[in-house]
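Below is one structure, written out as structure tokens, with a few remarks after it.
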Amino acid sequence: MNHNESSYEETVRTMINRENDLIHYRVTWLMTVQGLFFAALGLAWNKPDISSFIALLCFLGILMSVVVLIALAGASRAIRRLIGWWDTNKPSHYQGPDVVGIRPMRTKYFGWIGPWGIIPFLFIIAWTVVFLAY
């Protein structure tokens, strides 16, 4: 076993951890911005002549959710590709732990974004309901 083979698993783990960090940051940013948007909505809700502002908040809330959803899909794809690379290139003599604790789910509908990808969908639905209700 050469040095490169022995560091494969650590390299893949590090790359997967980096993607997980990015997912964490993106979801945190999404939640923070959405909280600010909903706080602004609460302050503006009963004010006269504010429908354009509420429509703008709805548009920005949906747009922010879509942008984060795309970023989360990219991170999920990167993790799946890293795991696939590991499965293909894992040294035959390797007996250590897997490069991830739990492998990402592969479901028909949410496998491409991971479980965290449901959060942007919920905000899209919420802003659509707000827009239709106002």
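Where a number appears in this text, it was derived from the coordinates with a stated rule and is not lab data. Only a predicted model underlies this, so the values are computations on that prediction, with no experimental measurement involved. Methodologically, a virtual Cβ is constructed for each residue, glycine included, from the backbone with ideal geometry; neighbour enumeration extends over all protein chains shown.
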Packing-ranked peptide list from 12-18, 84-90, highest mean Cβ count within 10 angstrom first, is 12-18, 84-90
Highest GNM mean-square fluctuation among 52, 76, 92, for the chain with Cα springs under 10 Å, belongs to 92
The answer for the chain, counting only DSSP H helices whose Cα atoms cover 15 angstrom or more along the axis and whose Kyte-Doolittle average is 1.0 or greater, is 51-89, 118-133
Length gained, residue 25-residue 128, 0.36 nm per residue minus C-alpha separation, equals 34.6 nm
Computed, not fitted: 222 nm per-residue ellipticity of the chain from DSSP H runs ≥ 4 (each -39500 (n - 2.57)), nearest 500, equal to -26500 deg cm²/dmol
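Between residue 78 and residue 100, 0.36 nm times their residue separation minus their Cα-Cα distance comes to what?
Contour length minus the Cα-Cα distance gives 6.6 nm.
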Options [x] 10.5; [y] 17.5; [z] 9.3 for mean projected area of the Cα convex hull in nm²; the value derived from the coordinates is listed as [z]
